[in-house]
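The values are calculated or read from the model by the stated rules, or taken from the named source; none is laboratory data. Bear in mind the structure is a predicted one, so any value in this text is a computation, not a measurement. Ideal geometry is used to build each Cβ from the backbone, glycine not excepted, and the neighbour counts take in all protein chains shown.
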Amino acid sequence: MGFWQAVSPVFTCCWFIKTEELTFFFSIKTYDFIVIGSGISGLSFALRAAKFGTVAVVTKQEAMTTNTAWAQGGICCVKAKNDSFAEHTADTLGAGAGLCDEEVVSTIVSEGPEAIQELIDWGVKFDSSVDPETGEETLDLGREGGHSKRRILHAKDTTGREIETKLLAEARENDQIEFLEFHFAIDLITTKKLGYASPPRCVGVYALNVKTEKVVTLRSDRVILCTGGSGRVYLYTTNPDVATGDGVAMAWRAGVDIANMEFVQFHPTCLYHHEVKSFLITEAMRGEGAELIDKDGRQFMKEYDERGSLAPRDIVARAIDQEIKKTGGPCVFLDITHQSKEYIADRFPNIYETCLDLGIDISKEPIPVVPAAHYQCGGVATDVNGITSMQGLWAVGEVACTGLHGANRLASNSLLEGAVVSARALEACVKTFPAGDEVELIELPEWESGAVSDVDELVVIYHNWDEIRRLMWDYVSIVRTTKRLQRAATRLHNLQNEVQEFYWNFRVTADLLELRNLVELATLIVDSAARRKESRGAHFTLDYPNSESNLRENTVISKF
Ligand code: SIN
């Protein structure tokens, strides 16, 4: 039984009954900054914060295991002479279907070049070419859906890997940064939970050292959530295993405002293959002329949107879903065979090689693709500085909802958001609580673990995990209905009770903690979707198929 159970009034009885069985693990560590997550947002925050104090980067697996590292297409930035901040802003607002915060969009877009330069200074190399006449080196710019101009900086088709590798190397060299790898953040420690008077403040985090199975107490007045998204809540996703919505779940449990969770973006083109389930086929391929076709070679996208295969993602994903339902086939196809093998192998080496290994020569045959959960447009509600509704807690990147993405994110805007907002969040952080100047030293209790048995019913955890992901896919994916949402809510309620029972009664493990977060996330998505009685951006319901101007507002929810 953990500390939260003890302080929660509901579980006070359990606390007294179990007191004699408690064992203690004394290990409190204090840092100026605690960053949870090690993708672009976490690492770029940590690198900057290290100039002001000590930083812990808490990450549940190896630091390299992030959604950032899986990003293929690239990072947006206005660089071309024929492009402008106004056009990038307009494209972002267009994709966001009326829910973007225009001021946030224009701030992030216009601060893009500076953030990109910082990435380059940290060693990130984007593809570029040298003009044979002038000898001038210019960055190569790709194009993706919803963009009116070429503005995607990339490193072949493994842009995220390039960014992650370089930032990680830089951070590992920094003496002020301590990596706590294989440390699973369990819950935020807040003054409210410790019984102090409001307003609530975040003062640290409990984290499970997955290797030693001990829980450590980490203390700081500046906790920054950079935990990424929650694609794994769905059966089919382009996200890595770690994307289980841990940051949103922790923030929710702590009573922080959460916004727009109904807007789950489905990427139109995930490889359809019986062996490989989460392999993205980058939208940049459509930017280079690849077309979506059905099994007979018919280019169907123009029937849905005049921008064809390069329409924004929500439109393309829904069109594919409709085509699949119409034809009864398992997938559609992406055809890039108009490009030469040399071009494809050079521009998209990762996709070319991966598909070739699976027996698909993409220079000769179309690629089987299906939509899959890709990006969480909502998250912990923040402003453009990552400031959340709770003092001492910031959120940056996919975990956050700044207002940049609205109801549907424009492709390749997310890495940009992480790079820009992490810089702003640090500034806000340092301004609010100068490092070394602790607000009020609060004694933190250690995590207390009951003498509890190991989870011997692992099979139930895996079963629940599968059930959540399947029901979310079947009832809460690209096309929703009120009835399906109700069904999902009922099932999730039962699952939540079962998971809670496990949580209280057994020693915590990484699998159990992920399951606990997944069921929380699924419930937040269903609850938010049920509240939106219209269709907008990534949220489409057959019961309310139109957007309603009087419903054009964020869905903000909070536990307390
Ligand atoms: C892609 O490469 O298609 C993904 C880019 C993104 O999601 O921003």
Of those in region 389-415 that are of a type in the set (Ser, Thr, Tyr) and within 12 Å of the ligand (Cβ to nearest atom), the residue farthest from Ile315 (Cα to Cα) is Ser414
Enumerated strands (runs of 3 or more DSSP E) restricted to region 200-273, each holding at least 3 residues that are farther than 19 Å from Gly37 by Cβ: 264-271
Only one of His183, His154 is touching a residue at least 24 places away in the same chain (Cβ under 8 Å) and within 18 Å of Leu43 (Cβ to Cβ); which? His183
Region 79-110, subset more than 16 Å from the ligand (Cβ to nearest atom) and among the aliphatic types (A, V, I, L, M), residue surrounded by the most Cβ atoms within 10 Å (Cβ to Cβ): Leu99
Can you list residue pairs whose Cβ atoms sit under 8 Å apart, with the first residue in region 216-243 being closer than 16 Å to Leu393 by Cβ and without any contact (Cβ under 8 Å) to a residue 60 or more places away in the chain and the second being within 16 Å of the ligand (Cβ to nearest atom) and of a type in the set (Lys, Arg)? Count only pairs 6 or more apart in sequence or on different chains. none
In the set Leu410, Leu404, which member is under 26 Å from Ile557 (Cα atoms), out of contact with any Gly (no Cβ under 7 Å at 6 or more places or on another chain), crowded, with 24+ Cβ neighbours inside 10 Å and of a type in the set (A, V, I, L, M, F, W, C)? Leu404
Considering each of Thr227, Thr244, Thr238 in turn, give the residue that is within 13 Å of the ligand (Cβ to nearest atom), of a type in the set (Ser, Thr, Tyr), under 24 Å from the mean Cα position of the chain (by Cα) and surrounded by 24 or more Cβ atoms within 10 Å (Cβ to Cβ). Thr238
Report, by residue number, each residue of region 262-293 that is surrounded by fewer than 24 Cβ atoms within 10 Å (Cβ to Cβ), charged (D, E, K, R) and touching a Lys or Arg at 6+ places or on another chain (Cβ under 9 Å). Glu288
Select from region 291-317 the residues that are assigned to a loop (DSSP other than H, G, I, E, B) and farther than 25 Å from His405 by Cα and list them in ascending order. Asp294, Lys295, Asp296, Gly297, Arg298, Phe300
Sort out for me the strands (runs of 3 or more DSSP E) sitting completely within region 357-424 that have 3 or more residues that are within 30 Å of Gly329 (Cβ to Cβ). 367-376
Test each condition in (1) in a loop (DSSP other than H, G, I, E, B); (2) within 16 Å of the ligand (Cβ to nearest atom); (3) modelled with pLDDT of 95 or more for Ser278 and report the one that comes out false. (3)
For region 378-388, check the following and say yes or no: at least one residue is within 21 Å of Ala50 (Cα to Cα), more than 16 Å from the ligand (Cβ to nearest atom) and surrounded by fewer than 24 Cβ atoms within 10 Å (Cβ to Cβ). yes
Taking the conditions exactly as written (at pLDDT below 95 and polar (S, T, N, Q)), does Thr134 satisfy them or not? yes
Just give me the residues in region 122-138 being farther than 26 Å from Glu62 by Cα and within 16 Å of the ligand (Cβ to nearest atom), in sequence order. Asp127
Of Leu153, Leu141, Leu167, Leu119, which residue is crowded, with 16+ Cβ neighbours inside 10 Å and more than 16 Å from the ligand (Cβ to nearest atom)? Leu167
Among the residues of region 53-97, what is the count of those that are of a type in the set (A, V, I, L, M, F, W, C), farther than 16 Å from Arg143 by Cα and in a loop (DSSP other than H, G, I, E, B)? 3
